[in-house]
Amino acid sequence: MGKIGIAATKYVIKAKLTATGVVEKPDIIGAIFGQTEGLLGEELELRELQKSGRIGRIEVEVTSTEGKSEGTIEIPTSLNKEDTALIAAALETIERIGPCDAKVEVLSVDDVRSTKRDYVIERAKSILGVMTKETPESQELTEMVKEKVRVGEISEYGVDKLPAGPDLESSEEIILVEGRADVVNLLKHNITNVIGLGGTSIPHSIKELCSQKTVTVFLDGDRGGDLILKELLQIIDVDFVAHAPPGREVEELTSKEILKALRTKITKEDAVKAFEQQKIAYEQSQSRTQQLPARRVYRTSGETYGGRSHATTKSARIEVKPELEELSKISTGLIGTGQAALLAQSGTTFKEVGRVPKSDISSVLKNLQEGKAQALIVDGEIDQSLVNVTTAKGITYVIGSKKPRFLKRKPGIYVLDSTFLRKIVSEQGRSK
């Protein structure tokens, strides 16, 4: 017998049968062909349709219980819906199967193409979703190309080879930021008259450049940014001051945030007044603190200054371990790089064993052999999960440009803000 291809099937006729006696598959199939023969004319003769492949194999399932038989019949067809309906109706004319009375009832005629259409629609939705995510719009493509070009335009200025934008020297106004990562972010957002300090010390080439330009200092919105600004105001001629939002870094700002910060910049005079107000508030806090019965002293762990207060008395003595002095110097060299350094300790000195982008440090630490490094310095924020991982790897010193006020740590583990560390090292140097 001919067999219809699955791909060519349009409809499937489904029927149920009941017989008053025991019948088997050959009896049922014989009754289908025999009792419909000549009923619908030569063009719809089941044997001929099957030979030509216009109907498929007739599938029959039958069971017999207590002398009676029940079963199902399925006939796939590639005929049009009118001819398929005629064949389905013809099945219901079967009255006997073998020696038994029988009845056939058509349950349904399923449109196979409808099921396929449902699948096609759902699959198309899925594919379209992937295409929408993976295929950028023309505007996005243009921005991607522009961004690559801008980042590629980063150059070096002066003998200090400071990171800078291409329009630095030709522009009458320049923007001074902390490090290379800040320069890269501003270039991404089409701000090209920018230059980075490359550290906390002010290079001589910066001093010369700023004397000829209108200078806007654009710094992070944290304590470190304030300290750098104080130093800049003492050394170079600054015209305006802009800050990232509190707790944010310039390198992570969006275009909208950058433009807002630059639009709300203040003059040098206003910045000096703000520092004076901070100084007055601090001195008032000092006065109130000295009236308290308990003395506050620094703890070199950097977690707190003692008790719950961060104030200090004039009689407080700062003692900094030599190891921390060494780490303070190393952390200064990481400012603005956006990187993290792992260090091995030998006595009071440290040797760098690896340096990676700060975004990769978590995965690197997971694979780090325990005891291979004793210190981690990050040009970025420290969080509790990072402290937990470093402690498990035997790292004693964890230093970052920012950290939360409260962190859980084991005794003997130093978790430090690099700005705070540099400050207490500097104050110890002045007290000697």
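The values are calculated or read from the model by the stated rules, or taken from the named source; none is laboratory data. As the structure is a computational prediction, the values presented were derived from the model and not from experiment. All Cβ positions, glycine included, derive from the backbone under ideal geometry; neighbour counts span all protein chains shown.
Values for this structure:
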| item | result |
| --- | --- |
| Subset tally (residues that are in contact (Cβ under 8 Å) with a residue 24 or more places away in the chain and either assigned to a helix (DSSP H, G or I) or not assigned by TED's automatic domain parsing to the domain that holds Lys10 (or both)) for region 83-102 | 8 |
| Sole residue being within 22 Å of Ile335 (Cα to Cα) and surrounded by 15 or more Cβ atoms within 10 Å (Cβ to Cβ), chosen from Thr192, Thr254 | Thr192 |
| Sole residue being of a type outside the set (Val, Ile, Thr), in contact with an Asp or Glu (Cβ under 7 Å, 6 or more places away or on another chain) and modelled with pLDDT of 85 or more, chosen from Asp182, Asp167, Asp111 | Asp182 |
| Residues of region 240-270 that turn out to be more than 30 Å from the chain's Cα centre (by Cα) and part of a strand (DSSP E or B), as a count | 4 |
| Qualifying residue in region 61-82 (condition: out of contact with any Phe, Trp or Tyr (no Cβ under 8 Å at 6 or more places or on another chain), assigned to a helix (DSSP H, G or I), modelled with pLDDT under 95 and not acidic (Asp, Glu)) | no |
| Some residue of region 405-426 being in contact with an Asp or Glu (Cβ under 6 Å, 6 or more places away or on another chain) and part of a strand (DSSP E or B) | no |
| Members of region 96-133 found to be among the small types (Gly, Ala, Ser) and at negative phi, listed by number | Ala102, Ser108, Ser114, Ala124, Ser126, Gly129 |
| Pick from region 318-360, criterion assigned to a loop (DSSP other than H, G, I, E, B), more than 25 Å from the chain's Cα centre (by Cα) and not hydrophobic (A, V, I, L, M, F, W, C), ranking: farthest from Leu376 (Cα to Cα) | Glu319 |
| Residue that is farthest from Ile94 (Cα to Cα) [pool: residues in region 20-60 that are surrounded by 13 or more Cβ atoms within 10 Å (Cβ to Cβ) and among the acidic types (Asp, Glu)] | Glu48 |
| From Val364, Val378, residue being under 24 Å from Ala181 (Cα atoms) and touching a Ser or Thr at 6+ places or on another chain (Cβ under 9 Å) | Val378 |
| Filter result (outside any loop (DSSP other than H, G, I, E, B) and farther than 18 Å from Thr254 by Cα) within region 153-175 | Ser155, Glu156, Tyr157, Leu162, Pro163, Ala164, Glu173, Ile174 |
| Residue count, region 60-94 (criterion: in contact with an Asp or Glu (Cβ under 7 Å, 6 or more places away or on another chain) and of a type in the set (Asp, Glu)) | 2 |
| Selection within region 401-416 - within 17 Å of Gly336 (Cβ to Cβ) and surrounded by 23 or more Cβ atoms within 10 Å (Cβ to Cβ) | Ser401 |
| Selection within region 1-44 - in a loop (DSSP other than H, G, I, E, B), within 22 Å of Ala102 (Cα to Cα) and either at pLDDT 90 or above or not assigned by TED's automatic domain parsing to the domain that holds Arg96 (or both) | Thr20, Gly21, Val22, Val23, Glu24 |
| Count of region 32-82 residues which are within 57 Å of the chain's Cα centre (by Cα) and of a type in the set (D, E, K, R) | 7 |
| Condition met for Arg57 (assigned to a helix (DSSP H, G or I), of a type in the set (Lys, Arg) and assigned by TED's automatic domain parsing to the domain that holds Asp101) | no |
